[in-house]
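Participant: My questions will all concern the structure given below.
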Amino acid sequence: DTTDVAGDSEARPGKSILGKHYPSDETTNVTDTILSLVGRKLYDTPNHPIAITRRLIESVFPPPLYKNHVATNPVVTVHANFDVLGFPQDHPGRSRTDTYYVDSSTVLRTHTSAHQHSAFQRIAVDAENGYTICADVYRRDSIDRSHFPVFHQMEGACTWQLPPKKQSKETRLQQQQRRAQSIRESIDALPKHGLEIIDEAGSYNNHTNPVQIQHDPDDSQLLVEHLKRSLEQLVQKVFTAAQEARPDQKQEQLKVRWIEAYFPFTSPSFELEVFWQGEWLELLGCGVVQQSILNNAGLEDRIGWAWGIGIERLAMLLFNVPDIRLFWSQDDRFLKQFQDGKITRFESFSRYPPCYKDISFWVRPSPAGASPIGAESSSGVAAAAGGDSKKASPSETQPAAFHENDIMEIVRDVAGTLVEDVKLVDEFVHPKNGKKSLCYRINYRSNERTLTNEEVNELHQKVVDKMGELPVEIR
Ligand code: FA5
Ligand code: MG
């Protein structure tokens, strides 16, 4: 903690973020380890793969149709991150197990959608059509090769002005046809691509993925078509860039699929996944923007879509980067491999040996309905915002229950990027007292050097000591 400079011991401790001091309260859970990563601006660092990927995405969504922004300050209000987007009060994404709170009304943004409302307001004022926003985002999350508590997102949106209602004696049908015509023209203007894409969410407008009642189903369907074709354009560009980077190797066609999703701020909603290293990797979420959100921003006369993509996920595919932690590396053997505007294949430097340590402990039985442990990956906002994971988090009313993200956070805080992954390896319930035992395996491995035994033992002991702060009993 950074303490107020007032000098007396009564000074309220707080957090300093980008030069501003935020007094802490009982909700504060942001750690200094996380704050040490604020302000790195990887998206603006020349020759950094995050910046190169950002530019590539922007090239698919260029001005004048899309105004390309960055949002440098990650501190946003709970209102901007959740309320204005229609997150229900009991939504798991709001929970302290999933989100970094600076204080009770301020968070480190968990997604670029925190800027959606103000971006739409700007559209209303400047009569623009669309935008992209690139930013660093923060989530308490699981630890593995594709999840890091700080990552980057780009959000994009596009809106269409509806022709003014009641033109002279026009029938509703004629009005609808005129609207459809203008969206159809935008679709026809998109370049064609030859990708084979599996659409597992082709038939929507059912109870799980409805067209909004305010929307004409034909309008909505055309928006979805424009949305999907635009994002497929991005995938095509990535594939072509990767192919050009290794002309000697015949690239296997990317396997890509659309699946149904849920976000409080879009309907219908979709996610795009890519087959990577033997499993489906989620790249982005998207959908038709809730009309109430556009209306609130002064865009009553417009309809639109939005998407949000994980930049690291795309960069891992593009450059063949095997571990998300590498993006934070300051090792020249990593950084020197990338060059502005170029897609190159990352050559891994030799892997250093892993060091596994287990930690076992008893927890009280989890509250009914909550399943805070054991899913393959987790992220409240992800789950919340549509599911980079399929797991629910316990609600705020169970503050003393163990949550998997809490052990993840302790490991992050103690060992930073020296941990490759943390996995639940054993779980059983004591037949007599009903207590549950969990065993997590921590894989300590640096991307840059061999860790000494001593060093790992010391780190692990700190993790064990800090576990004492959780409602668990170390075995
Ligand atoms: C969102 O964050 C929504 N705001 C996206 C959106 C925007 C939907 C606009 C509709 C309209 P989600 O939680 O699924 O959705 O995250 C978006 C992407 O961020 C994921 O698909 C994934 O690529 C990436 N991502 C999520 N968690 C992590 C993580 N811990 N590390 C790296 N990338 C992540
Ligand atoms: Mg998701």
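Participant: Considering each residue of the stretch 150-184, count those that are out of contact with any strand residue (DSSP E or B) (no Cβ under 9 Å at 6 or more places or on another chain) and touching a residue at least 24 places away in the same chain (Cβ under 8 Å), and give that number. It would help to see each step written out before you state the result.
Facilitator: To start, the set of residues in the stretch 150-184 that are out of contact with any strand residue (DSSP E or B) (no Cβ under 9 Å at 6 or more places or on another chain) comprises 163-178, 180-181, 184.
Those left that are additionally touching a residue at least 24 places away in the same chain (Cβ under 8 Å): 164, 176, 180, 184.
Total meeting the criteria: 4.
Participant: Quick check on this structure: which one of Ala157, Ala124 is surrounded by fewer than 24 Cβ atoms within 10 Å (Cβ to Cβ), among the hydrophobic types (A, V, I, L, M, F, W, C) and away from ligand 2 (no atom under 16 Å from the Cβ)? Lay out the reasoning, then the answer.
Facilitator: Numbers: Ala157 fails: surrounded by fewer than 24 Cβ atoms within 10 Å (Cβ to Cβ).
After applying the criteria, what remains is Ala124.
Participant: In contact (Cβ under 8 Å) with a residue 12 or more places away in the chain, among the aliphatic types (A, V, I, L, M) and surrounded by fewer than 20 Cβ atoms within 10 Å (Cβ to Cβ): which single residue out of Ile187, Ile133 fits that description? If you could, list the steps in order and put the result at the bottom.
Facilitator: Details: Ile133 fails: surrounded by fewer than 20 Cβ atoms within 10 Å (Cβ to Cβ).
It is Ile187.
Participant: Same structure again: Find all pairs meeting these conditions: Cβ atoms under 7 angstrom apart; at least six residues apart or on different chains; first residue within the stretch 453-464 and touching a residue at least 60 places away in the same chain (Cβ under 8 Å); second residue surrounded by fewer than 19 Cβ atoms within 10 Å (Cβ to Cβ).
Facilitator: From residues that are touching a residue at least 60 places away in the same chain (Cβ under 8 Å), the pairs are Val456/Lys357; His460/Lys357; Val464/Ile474.
Participant: When you scan the stretch 83-93, do you find a residue that is modelled with pLDDT under 95 and polar (S, T, N, Q), even just one?
Facilitator: The answer is no; no qualifying residue exists.
Participant: Here is a follow-up. Residues in the stretch 36-68 that are closer than 29 Å to Ser95 by Cβ and either touching a Lys or Arg at 6+ places or on another chain (Cβ under 9 Å) or part of a helix (DSSP H, G or I) (or both): how many?
Facilitator: Matching residues across the stretch 36-68 total 3.
Participant: Would you check which residues across the stretch 314-324 are buried (at least 24 other Cβ atoms within 10 Å of the Cβ) and touching a strand residue (DSSP E or B) at 6+ places or on another chain (Cβ under 8 Å) and list them? Give the derivation first.
Facilitator: Going through the stretch 314-324, the residues buried (at least 24 other Cβ atoms within 10 Å of the Cβ) turn out to be 314-316.
Hits for the stretch 314-324 are Leu314, Met316.
Participant: Quick check, is Leu254 assigned by TED's automatic domain parsing to the domain that holds Cys134 and within 9 Å of ligand 1 (Cβ to nearest atom)?
Facilitator: Details: assigned by TED's automatic domain parsing to the domain that holds Cys134: yes; within 9 Å of ligand 1 (Cβ to nearest atom): no.
Criteria not met by Leu254.
Participant: Just one of Gln177, Gln153, Gln161 is over 23 Å from Leu231 (Cβ atoms) and among the polar types (S, T, N, Q); which is it? Steps first, please.
Facilitator: Numbers: Gln153 fails: over 23 Å from Leu231 (Cβ atoms); Gln161 fails: over 23 Å from Leu231 (Cβ atoms).
Only one candidate passes the filter, namely Gln177.
Participant: Test each condition in (1) away from ligand 2 (no atom under 16 Å from the Cβ); (2) assigned by TED's automatic domain parsing to the domain that holds Arg139 for Arg333 and report the one that comes out false.
Facilitator: Arg333 satisfies all of (1) away from ligand 2 (no atom under 16 Å from the Cβ); (2) assigned by TED's automatic domain parsing to the domain that holds Arg139 except (2).
Participant: Starting from the stretch 315-340, take each residue that is within 18 Å of Ala241 (Cβ to Cβ) and list its partners that are basic (Lys, Arg), counting only C-beta distances under 7 angstrom and pairs at least six apart or across chains.
Facilitator: From the stretch 315-340, the pairs are Phe319/Arg345; Asn320/Arg345.
The values are calculated or read from the model by the stated rules, or taken from the named source; none is laboratory data. Since we're looking at a predicted model, the values are computed, not measured. No Cβ is skipped: glycine too gets one built from the backbone with ideal geometry, and neighbour counts run over all protein chains shown.
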